[in-house]
1. Need pairs with beta-carbon distance below 9 Å; first residue under 13 Å from residue 258 (Cα atoms) and within region 46-69, second among the hydroxyl-bearing types (Ser, Thr, Tyr) and surrounded by 13 or more Cβ atoms within 10 Å (Cβ to Cβ); sequence gap 6+ or separate chains.
2. Check whether at least one residue in region 95-111 is in the same structural domain as residue 173 (by TED's automatic domain parsing), aromatic (Phe, Trp, Tyr) and closer than 30 Å to residue 269 by Cα, and report yes or no.
3. Mind checking which helices (runs of 4 or more DSSP H) fall wholly inside region 270-371 and carry at least 3 residues that are surrounded by fewer than 20 Cβ atoms within 10 Å (Cβ to Cβ) and within 23 Å of the chain's Cα centre (by Cα)?
4. Suppose the filter is touching a helix residue (DSSP H, G or I) at 6+ places or on another chain (Cβ under 7 Å), assigned to a helix (DSSP H, G or I) and in the same structural domain as residue 242 (by TED's automatic domain parsing); does residue 92 pass it?
5. Restricting to region 233-253, count the residues that are in contact with a Gly (Cβ under 8 Å, 6 or more places away or on another chain) and not in a loop (DSSP other than H, G, I, E, B).
6. Give the residues of region 137-146 that are buried (at least 18 other Cβ atoms within 10 Å of the Cβ) and touching a Pro at 6+ places or on another chain (Cβ under 8 Å), sorted by residue number.
7. Considering each of 223, 263 in turn, give the residue that is in contact (Cβ under 8 Å) with a residue 40 or more places away in the chain and touching a strand residue (DSSP E or B) at 6+ places or on another chain (Cβ under 7 Å).
8. With the checklist (1) touching a helix residue (DSSP H, G or I) at 6+ places or on another chain (Cβ under 9 Å); (2) part of a loop (DSSP other than H, G, I, E, B); (3) at pLDDT 95 or above in hand, flag the one item residue 111 doesn't pass.
Amino acid sequence: MSFPPIRPELAGIEPYGAPQLPIDRVPVQLNVNENPYGPSEECIADIAAAAADAARTLNRYPDREFVALRTALASYLSRDVAGEITPDQVWAANGSNEVMLQLLQAFGGPGRTALSFAPTYSMYPEYARDTHTRWVAGRREDDFSLDLDVARDLVKTEQPGVILLPSPNNPTGTALPPDAIGVLCEAAGDGLVVVDEAYGEFRRAGVPSALELLPTYRNLVVTRTMSKAFAGAGLRLGYLAADPAICDAIRVVRLPYHLSAVTQAVALAALGHAPELLSKVDELRAERDALVDWLRSESYDIADSDANFVLFGRFADRHAVWQGLLDRGVLIRETGPDGWLRVSVGTPDEMAAFRAALIEVTQSDVNGERA
C-alpha cells in the first residue's frame, strides 16, 4: 500500500477548486460568481465591532444552536413568502457546501442514492462520493430545461433519498418552474428534494422562489447562501429552510459547535445591513441582461440566466478562448458542457473589458471559431 493510505476511490483525484490568480496579474476576475461590490465603510465598522465583541468571549464555546442567527435568517427569508418562516425551520453551516454535505450525511449514505440532472453543480457528485452515497445523474434538454415526464420516471425508478436541484442552475443559470419542483416532490415520496437557491436573489421578475412551496411539500428543502447577493463569499455562511424535523435530523451529523462565535457575529452584523448589501442586485441583473443581449447580438448561443453569470458558446476549442482571455487579463470559467464558457457578471468596467477581450480573441485566433 502506498503512503498515505488514502481511500482507494480518492487516489489521484485533484481537489475541487477554480483557478485563483493574483489580482495584479489578472485584474478582471469573473470566474467564481462573486459579487463585485464590497460592503460600505459603515457595514465594515459594524462587522468589525461585532467580531471584536465575539473575541471577548472566545474562551467559551459559541451558541451551539445559533438561535439569534437562525431568527435573523428566518426573518430575512420570510420576506420571500406569503406566510412566515420560523427559526426552527432554518439551519446554517459554513457555506451552502457544508449544508449540502450535512444533508447527504443525514439522508444519504450506503445503500441510498442522490440524484440530479446534468449539467449541474460539479460538487454534487463529490458530496455523494464523500458520504458513500450512490450518484445518479439524469440529463437536461438541449435548452437545459427538464423533461418532467422523463425526470419523474427516473425518480420513480431510482427512488433517491436526496434529489439536488439547483435553481438557478449552475453552470447554466436557468431556473426551474414551480410545477417542476412540485412534480419531483410528489415523485420522490419520502425522499428529500433540495432546491439550491444559491443565486436565488438574482432571479428575474416573476420567477418565484421555491420557498413558497414549503407549506405544501414537507420533503422540500430550500438552500441559500450569503456568498453571492450578500457579497459575503469570504464569510462562508450558507443556510436552508425546511420542515423542522429535517433540521432536527441534521443535528445528528453536525460537528460540535460547527459555527464559530465570530462567524455568527459577522453574519448577524451583515444581515443588519441587508438593504445596503442587496442594493446592487438590481444593477447586477441589469448588467447580466445587457450582457446576454450583447452576446446574442454577436451570435453566441446563450442559456437564459436567472443568476449572476451567463453560460455562452459554442466554441470549437473553448480552452483556447479561455486562455486567450486570460492572456488579456480577464479570467472566466471553463466549465459546463463541452464548447461552452461561463462568465460572472461584474462591474460595468469589468464587463467592458470582457467584451473587448472576447472580440480580440475570437477575431485573432482561429481556435476561437464557433463550433
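1. So the pair list comes out as 62/260; 62/263; 66/263.
2. Checking region 95-111: not a single residue is in the same structural domain as residue 173 (by TED's automatic domain parsing), aromatic (Phe, Trp, Tyr) and closer than 30 Å to residue 269 by Cα.
3. Details: elements: 274-277, 281-297, 318-327, 348-364.
By residue number, 274-277, 281-297.
4. Working: touching a helix residue (DSSP H, G or I) at 6+ places or on another chain (Cβ under 7 Å): yes; assigned to a helix (DSSP H, G or I): no; in the same structural domain as residue 242 (by TED's automatic domain parsing): yes.
No: the conditions fail for residue 92.
5. Qualifying residue count for the region: 1.
6. If the condition is that a residue be buried (at least 18 other Cβ atoms within 10 Å of the Cβ) and touching a Pro at 6+ places or on another chain (Cβ under 8 Å), then 140, 144 are the ones that fit.
7. Numbers: 263 fails: touching a strand residue (DSSP E or B) at 6+ places or on another chain (Cβ under 7 Å).
Among 223, 263, only 223 is in contact (Cβ under 8 Å) with a residue 40 or more places away in the chain and touching a strand residue (DSSP E or B) at 6+ places or on another chain (Cβ under 7 Å).
8. (1)
The values are calculated or read from the model by the stated rules, or taken from the named source; none is laboratory data. A quick note: this is a predicted structure, and the numbers were derived from the prediction, not measured. Methodologically, a virtual Cβ is constructed for each residue, glycine included, from the backbone with ideal geometry; neighbour enumeration extends over all protein chains shown.
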